[in-house]
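Shown next, in structure tokens, is the structure this report addresses.
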Amino acid sequence: MMFQESKNGITFAVKLVPRGKRDEIVGVENDAIKIRVNAPPVEGRANEALLKFLAQRLNVACANVEIVRGETSRNKVVRVRGIPLARLQEILNKKS
């Protein structure tokens with residue numbers, strides 16, 4: 001899995017699967033963290049659910065998690081601020 005650290009935060013790829021039974025980290029697929037969310041991909045609800053899930057999981061404010069690329073795609077690039085890279089990797093490499 002590829003993480004890129006910069007002064008603006010840590011970016012990484014996410015494959016989002018909407019309409020899951022629950023919000024969870026499924027694993028890694030093609031260097032992206034595969035995450036299922038319960039929300040449908042309508043009116044940005046799946047994106048909102050993804051950001052909220054990551055913020056809760058990483059214990060950072062929602063304002064510190066953003067979608068950098070892929071707003072309308074299942075393949076996204078997400079940026080997180082306010083957490084060390086080692087801690088981020090440790091949390092995201094665990095399945096739900």
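Values in this text are rule-based calculations from the coordinates and carry no lab data. All values reported here derive from a predicted model rather than from experimental measurement. Every residue, glycine among them, receives a Cβ derived from its backbone with ideal geometry; neighbour counts consider all protein chains shown.
Just to be sure I understand: of the beta bridges DSSP finds with both ends in segment 3-92, what percent are antiparallel, rounded to 5?
Percent antiparallel among DSSP bridges in segment 3-92 is about 85.
With a cut-off of 15 Å on the backbone N, the residues of segment 62-96 near the modelled label site 7 Å out from VAL26 along Cα-Cβ are 74-76, 95-96.
In the chain, helical runs assigned H by DSSP with n ≥ 4 each contribute -39500 (n - 2.57); averaged across all residues and rounded to the nearest 500, the mean residue ellipticity at 222 nm is -7000 deg cm²/dmol. Each part gets one Cα centre, and for segment 44-60 versus segment 1-41 those centres are 10 Å apart. Set against the labelled values (i) 1.06; (ii) 0.96; (iii) 1.22, Cα Rg over 2.2 N^0.38 Å computed from this structure falls on (ii).
Residues whose amide H falls under 5 Å from that of GLY20, counting only those 5 or more places apart or on a different chain, are VAL37, ASN38, ALA39, with hydrogens built in the peptide plane. Of the residues ALA39, LEU92, VAL77, the one whose Cα sits farthest toward the positive end of the charge dipole of the chain, with +1 on the Cβ of Lys and Arg and -1 on the Cβ of Asp and Glu, is ALA39.
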